[in-house]
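The values are calculated or read from the model by the stated rules, or taken from the named source; none is laboratory data. All figures in this text were calculated on a predicted structure; none of them were measured in a lab. With ideal geometry, Cβ positions are generated from the backbone for all residues, glycine too; neighbour counts draw on all protein chains shown. All accessible areas refer to the heavy atoms of the entire protein, side chains included, with ligands and DNA or RNA removed. Shrake-Rupley method; radii C 1.70, N 1.55, O 1.52, S 1.80 Å.
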Amino acid sequence: SETPPPAQNLKFGDYSFTLKAKKPGGGVQEGYQFDKPIIISMLYSVKAILDGTAAPTDWEPMLTIYDVDTKTWIPAKNTCPPETRWDEINHAERRYSVAVCHLTQFAVFYQKRPVIVHGHYAVGNERVWTNSSAVLQRLVAGDADASAGVETVLVQLVRDAATGTLAAVDFGFDASDSYDPDGTVDVWTWTTVGVSGANTTAAFATQHGETNTLSISEPGIVRATLEITDNTDGRRTKDFWFWADEPPIAALGAGLPSQPAPKPNNVWPSKLVHAAVEDVSFAVVVDGTASWDPEASPLLASWSLVDGQLSSRYGASTVTLAPAIAAPASNHLTGVVTGLRAGTRHRVALDVTTDDDSGASGSAVMDVIVNALPRLQVTAPEVVFLPGGTNVTLSIAGSDDLDGTVVRRTWTLAAVRPSDIFDRVTVSSLGTGSTETVTISNVTERCEFVYTVELEDNDGGVINSGPRSVVFKYLSAAVAVANTDVSQVVSPPRWATMARVQFNGSQSFDLDGDIKSYAWTVSSAVVHGENDEMAAMTANVALGSANTAFGYMWRGYTAGDFIVTLTVIDSDNVQLRDSVAVRVLGVLDVASATDRGYISLLLPATNTTLSAAPHVHPEAAVTKYVWSVVSSTVVGGASCSPVLSVTTSGPAPASGPAPSADTMISGLCGAGTYVVGLSMDLVDTVDSSAYTVASTVTVVVHEPPTARVNSTMRTAASSTSLATVVGRVETVSALDSIDDRVELTYAWTASPALVTFDDATSASTKMRAVSAGR
């Protein structure tokens with residue numbers, strides 16, 4: 001035959017066929033040529049050819065024709081013009097498709113495909129995994145090849161701090177060791193596409209070559225493909241998948257637009273807040289909720305305060321400040337800064353991390369500036385008494401701004417009564433923003449004015465006085481006196497009747513009308529030479545008839561110096577005050593005694609030590625104690641005569657060591673009550689006056705109390721244990737507990753600490769299970 005055999009690397013296939021065209025009138029038209037290519041698709045088999053020596057995918061089918069002019073076998077696709085030539089091989093389905101442009105005798109030949117060999121392109125610092133994560137599946141949705149699961153290289157793009165642009169990441173490829181088992185590799189072709197064939201900015205340095213460099217500078221999924229072609233047009237491809245992950249953008253600030261762009265060097269505009277100088281409890285909320293991830297992954301947040309960035313705006317020390325930042329559990333992208341003070345600034349940092357396979361992170365910083373509001377100091381009386389007073393000056397000259405300047409001072413002034421008073425008085429100009437004093441003069445009648453003043457500083461901080469009144473009227477006054485001696489008060493203990501200190505405010509007066517109300521308060525207490533707010537509060541709560549003209553102290557106080565203040569409101573709603581100083585020299589007490597004067601002993605106790613523990617003013621001294629057994633009442637009626645180890649201790653000099661405060665009572669005859677008397681002598685060291693105070697304390701000998709607990713919990717199945725569930729509120733009660741002699745106290749505890757109590761010292765309380773267990 002004149003047709004030469006195919007080359008050694010080609011094998012005859014299982015298929016040979018002829019396609020010819022029919023003439024319109026009948027007969028065959030040889031060499032028919034189409035105007036446009038037609039597609040021939042065929043399923044092929046290589047079983048008989050391979051005989052098990054290689055996998056089907058290692059072989060490449062080719063539809064050929066014998067070119068009579070050149071006397072060579074040529075690909076059938078070459079029957080078409082170059083711009084329309086096309087063929088496709090699906091090795092997995094063994095499907096071969098080719099475009100042809102004229103009809104003739106066709107034959108299918110096979111050859112071995114070239115083999116791709118490449119070096120490792122993801123070196124060291126890149127993570128590689130098979131696409132099985134939820135995040136990657138979301139990003140490749142719609143791409144059948146990627147969604148099926150492909151080896152994917154994570155590329156964590158880095159954002160330039162100054163410009164915010166993403167820096168390119170390069171990967172080097174070397175396929176120079178690729179080979180063809182039955183020929184030579186002639187062409188290396190490199191291409192890139194995105195998900196489902198979309199365009200991508202990722203690109204190779206060159207389209208052809210044994211080696212190449214892939215550059216990725218934008219986020220997304222990149223499918224890089226290498227195709228090698230041998231000298232007989234045999235081909236093989238390999239895909240390389242990349243996930244280019246853009247770091248999340250941490251954003252700080254309220255009211256930001258959706259998906260804000262990053263800021264240069266991650267520094268966001270400062271947050272300015274205003275606080276009063278004396279305010280120590282305010283918090284600053286920093287909004288990071290505009291932070292976002294370009295791949296839409298959820299974010300984890302971490303807040304911090306940048307070391308070394310805490311400073312004062314006016315030179316004050318910040319050594320004692322301990323600011324902190326935390327996020328509420330309900331919104332981890334909101335930071336709450338506490339511990340700052342007015343006139344300070346600090347830098348807040350937010351770090352966000354994507355909650356996905358990448359774990360990419362971004363950060364942002366913001367300066368929190370706490371502007372100190374102006375300190376408004378108003379100097380003005382609340383009342384001016386006629387007829388001597390005819391004018392008043394309202395002044396804010398003492399106001400200032402610690403960390404800036406006051407730029408605006410705005411006054412308002414209105415007449416309350418009579419409404420036309422401005423027709424008969426003179427008022428200085430309220431000014432246009434810089435006036436520090438306002439004067440009302442030529443007042444000759446009862447009247448009332450209300451004024452406000454507002455200051456604004458250079459940072460926009462505004463403080464307003466609120467409405468303040470100044471009243472012109474005839475004389476009124478609060479007059480507070482004591483009906484008892486208040487300079488040397490000596491009192492029995494708290495369980496007895498304490499000394500009553502009586503106050504009288506009935507002499508308060510108002511020439512223009514009646515006093516509307518009275519209010520007595522303990523405004524301060526000095527105990528052992530120190531201000532004691534708790535002592536003042538305790539005594540204040542115990543005041544009797546506090547809202548009448550006749551208040552009194554009768555319990556809840558201790559030794560010390562107290563200021564009791566009377567506040568009255570007159571007919572013009574003017575508050576007037578007067579005070580009485582109370583000096584308490586001593587209050588008798590016994591160590592371990594309850595509020596009812598009991599000392600509890602459990603059987604079989606027969607003795608105990610009693611210790612006087614009086615509360616004594618620094619200007620007083622105890623000189624003597626006298627103990628005595630007042631009575632003994634034994635359960636069952638038996639007689640008993642307990643004895644005291646010490647009955648008299650002292651006298652001791654006022655300037656010397658105090659007498660012993662201890663005695664032992666012994667010979668107790670079992671369950672019963674034993675009343676012991678105690679008297680104390682003390683001296684006022686200021687004037688050497690002497691005082692004696694006496695009372696009793698009761699020693700109770702008894703059986704231990706019996707605890708009885710009731711609850712709303714149900715009994716667990718097949719058990720005597722009580723059961724509840726985490727979060728449920730149960731009631732537990734010990735009200736049925738009993739004791740034979742003294743009042744009970746309560747202390748609820750749990751071990752292990754699986755539950756909490758609303759009030760662990762109450763006889764009945766609410767209990768909540770916080771953890772499961774037994």
ask   = What are the residues in the range 195-206 that are buried (at least 17 other Cβ atoms within 10 Å of the Cβ) and either out of contact with any helix residue (DSSP H, G or I) (no Cβ under 8 Å at 6 or more places or on another chain) or of a type in the set (D, E, K, R) (or both), if any?
value = THR200, ALA202, ALA203, PHE204
remark   = Taking the range 544-570 and keeping residues open to solvent by less than 30 Å² (accessible area, probe 1.4 Å) and not β-branched (Val, Ile, Thr) leaves GLY544, ALA546, ALA549, GLY551, MET553, TYR557, ALA559, GLY560, PHE562, LEU566, ASP570
key: Hey, VAL616 open to solvent by 70 Å² or more (accessible area, probe 1.4 Å) and among the aliphatic types (A, V, I, L, M) or not   = no
inquiry  = I'd like to check something: does the range 75-85 contain any residue that is β-branched (Val, Ile, Thr) and either modelled with pLDDT under 80 or within 26 Å of PRO114 (Cβ to Cβ) (or both)?
reply    = yes
task = Inspect the range 258-277 for any residue being within 25 Å of ALA148 (Cα to Cα) and either of a type outside the set (A, V, I, L, M, F, W, C) or surrounded by 20 or more Cβ atoms within 10 Å (Cβ to Cβ) (or both) and give the result as yes or no.
result = no
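Conditions (1) more than 29 Å from the chain's Cα centre (by Cα); (2) over 28 Å from GLY672 (Cα atoms); (3) modelled with pLDDT of 90 or more; (4) aliphatic (A, V, I, L, M), marked per residue:
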site	(1), (2), (3), (4)
GLU730	yes, yes, yes, no
ARG741	yes, no, no, no
PRO752	no, yes, yes, no
ASP758	no, yes, yes, no
THR761	yes, no, yes, no
THR765	yes, yes, yes, no
ALA772	no, yes, no, yes
note = (1) of a type in the set (D, E, K, R); (2) open to solvent by 30 Å² or more (accessible area, probe 1.4 Å); (3) within 22 Å of THR745 (Cβ to Cβ) all hold for ASP589 apart from (2)
request  = Can you run down the residue pairs with Cβ atoms below 9 Å, 6 or more apart or on separate chains, where the first is in the range 24-51 and closer than 19 Å to ILE89 by Cα and assigned to a loop (DSSP other than H, G, I, E, B) and the partner is modelled with pLDDT of 75 or more and open to solvent by 80 Å² or more (accessible area, probe 1.4 Å)?
outcome  = TYR44/ARG94; TYR44/ARG95; SER45/ARG94; VAL46/ARG94
task = Among residues belonging to the range 650-694 that are on the phi > 0 side of the Ramachandran plot and out of contact with any Phe, Trp or Tyr (no Cβ under 7 Å at 6 or more places or on another chain), point out the one that is surrounded by the most Cβ atoms within 10 Å (Cβ to Cβ).
result = GLY672
query = Are there any strands (runs of 3 or more DSSP E) wholly within the range 334-420 with 2 or more residues that are open to solvent by 40 Å² or more (accessible area, probe 1.4 Å), and if so which?
reply = 334-338, 344-354, 361-372, 406-417
query = Here are some residues: VAL490, VAL541. Which one is open to solvent by 20 Å² or more (accessible area, probe 1.4 Å) and free of Cβ contacts under 8 Å to residues at least 24 places away in the same chain?
reply = VAL541
inquiry  = Return the residues of the range 639-649 that are outside any loop (DSSP other than H, G, I, E, B) and either among the basic types (Lys, Arg) or open to solvent by less than 50 Å² (accessible area, probe 1.4 Å) (or both); say none if nothing qualifies.
reply    = LEU644, SER649
remark   = When (1) under 16 Å from ILE40 (Cβ atoms); (2) of a type in the set (D, E, K, R); (3) at pLDDT 90 or above are applied to ARG94, the one that fails is (3)
query = Can you find a residue in the range 447-463 that is open to solvent by 40 Å² or more (accessible area, probe 1.4 Å), free of Cβ contacts under 8 Å to residues at least 40 places away in the same chain and of a type in the set (S, T, N, Q)?
reply = no
query = Of all residues in the range 722-774, which are small (Gly, Ala, Ser), open to solvent by less than 40 Å² (accessible area, probe 1.4 Å) and within 13 Å of VAL709 (Cα to Cα)?
reply = SER733, ALA734, SER737, SER762, ALA763
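I'd like the full set of residues that are surrounded by fewer than 15 Cβ atoms within 10 Å (Cβ to Cβ) and either in a strand (DSSP E or B) or within 23 Å of the chain's Cα centre (by Cα) (or both), limited to the range 240-257.
ALA254, GLY255
Please determine whether any residue of the range 431-441 is open to solvent by less than 20 Å² (accessible area, probe 1.4 Å) and at pLDDT 95 or above.
As a first pass, look at the range 431-441 and keep what is open to solvent by less than 20 Å² (accessible area, probe 1.4 Å): 433, 438, 440.
Still in the running and at pLDDT 95 or above: 438, 440.
Within the range 431-441, one or more residues are open to solvent by less than 20 Å² (accessible area, probe 1.4 Å) and at pLDDT 95 or above.
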inquiry  = With the requirement that a residue be in contact with a Leu (Cβ under 7 Å, 6 or more places away or on another chain), surrounded by fewer than 21 Cβ atoms within 10 Å (Cβ to Cβ) and assigned to a strand (DSSP E or B), what does the range 213-239 give you?
reply    = THR237, LYS238
